[in-house]
């Protein structure tokens with residue numbers, strides 16, 4: 001199962017050791033590590049990135065998460081951002097696009113105290129115990145979240161709401177007096193434009209999901225070549241699960257895309 005993992009350590013040396021342990025687990029075939037990064041928080045609460053270690057095309061999955069964490073953890077505590085009104089909307093959209101929620105970012109923000117370091121990683125794992133036990137043995141605190149369908153659901157919901165809005169305006173237009181038809185026609189054009197924009201974003205989402213899936217599968221297949229037989233069986237299951245999840249999500253997005261295009265025509 002694909003997850004975002006942040007492991008918090010009290011110092012840089014432990015963070016470097018955490019990366020080494022991730023590599024060990026990857027070499028064993030216990031987990032698949034797509035990419036890692038090391039970040040720190042100074043006494044002023046500023047979060048900075050020490051390094052990123054993408055593993056070929058696998059690293060593409062991590063960049064957005066690291067950027068989002070740096071941007072959001074370097075500011076006010078995430079739990080307090082609700083008071084910022086519109087200022088938080090960009091960050092919330094980024095979090096949904098990553099497939100994580102504010103609860104994940106808030107937990108990381110609380111644990112990553114000034115002077116501490118963290119290893120940020122995108123991984124695939126069947127069981128949480130191997131990673132947790134290794135990291136806890138060197139003093140690491142593990143925060144993980146499965147990559148969820150927040151952005152997929154938001155796009156589908158946006159399209160459905162716009163379709164209903166369009167239907168209501170069209171029904172009203174059919175019965176409206178002549179003097180109000182021009183205004184309703186303008187509203188209808190605006191909703192159709194909204195649907196076209198949503199269709200473009202949905203199409204981009206499908207393409208990005210496909211690219212991420214192929215990158216992950218390629219990484220797993222490369223890992224399977226050097227894996228022991230028992231580890232290879234686990235890797236093969238992870239590949240199958242990723243493909244099933246991709247098909248499920250892509251199918252729902254493609255249905256929403258078709259509805260948006262039909263309504264916007």
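Structure summary
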quantity: Segment 214-265: equivalent-ellipsoid semi-axes (sqrt of 5 x gyration tensor eigenvalues, Cα, Å); calculated: 35, 10, 4
quantity: Ranking of 234, 250 by count of other Cβ atoms within 10 Å, fewest first; calculated: 250, 234
quantity: Longest to shortest principal axis, alpha-carbon extents of segment 166-265, angstrom; calculated: 76, 16, 12
quantity: Order of 161, 257 - criterion: other Cβ atoms within 10 Å of each residue's Cβ, fewest first; calculated: 161, 257
quantity: Paramagnetic reach from residue 137 (point 7 Å along Cα→Cβ, amide N under 12 Å) across segment 1-40; calculated: 21-22, 24-25
quantity: Net lengthening on full extension, residue 174/residue 262 (0.36 nm per residue, minus Cα-Cα); calculated: 29.7 nm
quantity: Ordering of 123-129, 176-182 by packing [mean C-beta count within 10 Å, highest first]; calculated: 123-129, 176-182
quantity: Shape parameters for segment 125-165, alpha-carbon atoms, Rg then Dmax in Å; calculated: 18.6, 56
quantity: Ascending count of other beta-carbon atoms within 10 Å, so fewest first, for 169, 34; calculated: 169, 34
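Coordinate-derived values only; no laboratory data. Keep in mind it's a predicted model, so treat the numbers as computed, not measured. Here the Cβ is made from the backbone with ideal geometry for all residues, glycine too, and neighbour counts use every protein chain on show.
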